[in-house]
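Below is one structure, written out as structure tokens; comments come after it.
The values are calculated or read from the model by the stated rules, or taken from the named source; none is laboratory data. None of these values were measured; they are calculated from a predicted model. Every residue, glycine among them, receives a Cβ derived from its backbone with ideal geometry; neighbour counts consider all protein chains shown. Each accessible area value is taken on the protein alone, full model and side chains, heavy atoms only, with ligands, DNA and RNA left out. Shrake-Rupley method; radii C 1.70, N 1.55, O 1.52, S 1.80 Å.
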Amino acid sequence: MNLKRDYYTTIIVGTGFASSFFLKKYLSLSGQDVRVLVLEKGEDIPYSWKLQNITNTPYDFEKDLHNLTPQKSWIQNIAFGGGACWTGNTPRLHPSDFKTRTLHGVGEDWPFDYHELEPYLAEAEDIMGIAGAECAEYPRSRPYPAPAHRLNALDRLFQAKYGDQYTAMPSARASHYSVGRAPCCNNGVCSVCPIGAKFQVDLYMRDIYQDPRVTLITGADVKAVIIENEMAKGVTYRRDGKEQEAFADLVAVGAHAIATPYILLNSGLNDYALGRYLNEQIDVDVRVNLDGVENYDGGQRVTGLGIMFLNEPNRNRIPGCVVENYNIPWLRAEFGKWRHVGLLKFVFEDIPEPHNRVTVAPDGRMQVEYAEYSDYMKRGIADVKRRVEMLLDGLPVEDYVINSEEDKSLRGSAHIHGTTRMGLDPNTSVVDPQLVHHRVRNLLALGSGAFPTCPAANPTLILSALSLRSAYKLLT
Ligand SMILES: Cc1cc2nc3c(=O)[nH]c(=O)nc-3n(C[C@H](O)[C@H](O)[C@H](O)COP(=O)(O)OP(=O)(O)OC[C@H]3O[C@@H](n4cnc5c(N)ncnc54)[C@H](O)[C@@H]3O)c2cc1C
Ligand code: SF4
């Protein structure tokens, strides 16, 4: 037995979804003798502070970033619980999203299919208390833990037109007390939900950090993994202005898709794909003036999810997109027509490109280069009008407005993927399907960095399921 004081069975970096879902599964499958050290760069911010500072973030992530393309912003929350400020939309990937190369000749296939991930998606949904509806497009092994939220009037029109290609947005905004949270009352400020209706790690997964086997240190900025002879030995981190080290048999880095590859690059790893293929979705807003339809009677912030444009025959040329229907009452400024309006978001998939990447800046900081989204994405944006016309055809609509070109800028979508991509080939990927580094077999890179594609669906449910699967495969 190693008696060194700072020696642990496992070190986990970060306390966001990726790390917390990994830790939860890891603890459930481990004996009482394991010792887990969790190192979190941010602080444990009281929820009361968040409620009083709703537009402030506790830590300016971009100050630590050398952004070579500052016109593109990168949004990440540095604090205990990671992206606790998320909105809570939790669609699954569509089965076709795992096989775009095979089905459409574009992008990459994931190294496993929908059915392999399905049990872990269902488990993550149970943990988060997701509200959702049965939908034949997304086969399920068991029902959602909570009933779907009420659709709004515009959703009902779309559902009548598109059937199973239009469903209630699955979400971590509670629909029923049975999941242990107050039901969402649809006030739309989900970043800091005033009634705690939305699932988030800092509120609803604290128990795993209170487990006697776990030591949590906040304010610990992990800089590198110590790697010797292709084995991870521990990590170096900075806390209270001092460089420190901790050692373990296993290291799992879940610091999100910019900091995770940075930490791995800083550790001397030089895999071709490490840091590359950085990507985010792009979305385009469409405001629809409805003809006599009283909208905004739905049960949550984003009520509907349309996949009618995900699998068009031209997906090899024009990216698939999902349509989100917002239920936040952005009213129409016309007397008697206040609610005769709807707001839609067309969210596009993209093809990750290797020149968009995370590197280590000459001054040692994280560095990001992002030239532009792909030509594939540009064709998708140019095609929005055709899709809007198809979507609204035959419905009671007066007119619509697609956001201007400037609004389709390089703004951050906070859905960062791709920089530690998962695959079977070490020459083109960083981690294997269990999220274990191809060569350093006791090092894991958790999170959406593993995504080999840039799907149109929101990432958090998927990356949480990947973490559950990773811990399960590791320990059984
Ligand atoms: C406003 C907003 C709305 C969103 N809405 C949705 C949504 O509706 N649906 C959805 O699916 N996703 C949404 N997201 C995205 C979601 O937040 C992320 O997908 C999710 O948080 C990623 O989980 P993660 O654990 O990989 O990373 P994070 O949650 O970011 O956690 C990473 C953790 O690592 C820590 N860390 C970082 N660097 C270091 C370091 N060097 N040393 C130690 N610790 C470190 C961070 O402090 C953090 O705790 C939203 C994001 C934002 C910002
Ligand atoms: S819509 Fe309101 S109640 Fe519902 S999760 Fe968001 S902030 Fe909370």
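Which residue, of 462, 402, is open to solvent by less than 20 Å² (accessible area, probe 1.4 Å) and within 27 Å of residue 158 (Cβ to Cβ)?
Only one candidate passes the filter, namely 462.
Looking at the stretch 149-231, what strands (runs of 3 or more DSSP E) fall wholly within it and have at least 1 residues that are away from ligand 2 (no atom under 16 Å from the Cβ), under 22 Å from the mean Cα position of the chain (by Cα) and modelled with pLDDT of 95 or more?
Values: elements: 166-168, 214-218, 221-228.
Once the strands (runs of 3 or more DSSP E) in the stretch 149-231 are filtered for at least 1 residues that are away from ligand 2 (no atom under 16 Å from the Cβ), under 22 Å from the mean Cα position of the chain (by Cα) and modelled with pLDDT of 95 or more, what remains is 166-168, 221-228.
Look at residue 275 and say whether it is under 17 Å from residue 447 (Cα atoms), buried (at least 21 other Cβ atoms within 10 Å of the Cβ) and away from ligand 1 (no atom under 13 Å from the Cβ).
On the way: under 17 Å from residue 447 (Cα atoms): yes; buried (at least 21 other Cβ atoms within 10 Å of the Cβ): yes; away from ligand 1 (no atom under 13 Å from the Cβ): yes.
It is true that residue 275 is under 17 Å from residue 447 (Cα atoms), buried (at least 21 other Cβ atoms within 10 Å of the Cβ) and away from ligand 1 (no atom under 13 Å from the Cβ).
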Name every residue in the stretch 154-193 that is in contact (Cβ under 8 Å) with a residue 60 or more places away in the chain, away from ligand 1 (no atom under 16 Å from the Cβ) and surrounded by fewer than 21 Cβ atoms within 10 Å (Cβ to Cβ), in order of residue number.
-> 159, 161, 162, 165
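Suppose we keep only residues that are without any contact (Cβ under 8 Å) to a residue 60 or more places away in the chain and open to solvent by 10 Å² or more (accessible area, probe 1.4 Å) within the stretch 78-102. Which one would you say is nearest to residue 364 (Cα to Cα)? Talk me through it step by step, then tell me what you get.
We begin by selecting, within the stretch 78-102, every residue without any contact (Cβ under 8 Å) to a residue 60 or more places away in the chain; these are 78, 95, 98-99, 101-102.
Now drop any that are not open to solvent by 10 Å² or more (accessible area, probe 1.4 Å), which leaves 78, 95, 99, 101-102.
On the way: 78: 19, 95: 40, 99: 38, 101: 37, 102: 40 Å.
Checking each candidate, the answer is 78.
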Residues in the stretch 65-75 that are open to solvent by less than 30 Å² (accessible area, probe 1.4 Å) and within 6 Å of ligand 1 (Cβ to nearest atom) total 0
Among 205, 231, which is in contact (Cβ under 8 Å) with a residue 60 or more places away in the chain and open to solvent by less than 40 Å² (accessible area, probe 1.4 Å)?
-> 205
Within the stretch 105-127, identify whether any single residue is within 14 Å of ligand 2 (Cβ to nearest atom), of a type in the set (Gly, Ala, Ser) and either assigned to a helix (DSSP H, G or I) or open to solvent by less than 10 Å² (accessible area, probe 1.4 Å) (or both), and answer yes or no.
-> no
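Condition test on residue 37, is it more than 19 Å from the chain's Cα centre (by Cα) and open to solvent by less than 20 Å² (accessible area, probe 1.4 Å)? If you could, list the steps in order and put the result at the bottom.
Values: more than 19 Å from the chain's Cα centre (by Cα): yes; open to solvent by less than 20 Å² (accessible area, probe 1.4 Å): yes.
Answer is yes for this residue.
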Can you tell me which of 62, 137 is more than 18 Å from residue 279 (Cα to Cα), open to solvent by 20 Å² or more (accessible area, probe 1.4 Å) and either within 13 Å of ligand 1 (Cβ to nearest atom) or out of contact with any Ser or Thr (no Cβ under 6 Å at 6 or more places or on another chain) (or both)?
-> 137
Going through the stretch 18-34 in order, the residues found to be open to solvent by 20 Å² or more (accessible area, probe 1.4 Å) and within 22 Å of residue 461 (Cβ to Cβ) are 24, 25, 28, 29
Would it be correct to say that residue 304 is in contact with a helix residue (DSSP H, G or I) (Cβ under 9 Å, 6 or more places away or on another chain), within 16 Å of ligand 2 (Cβ to nearest atom) and assigned to a strand (DSSP E or B)?
-> yes
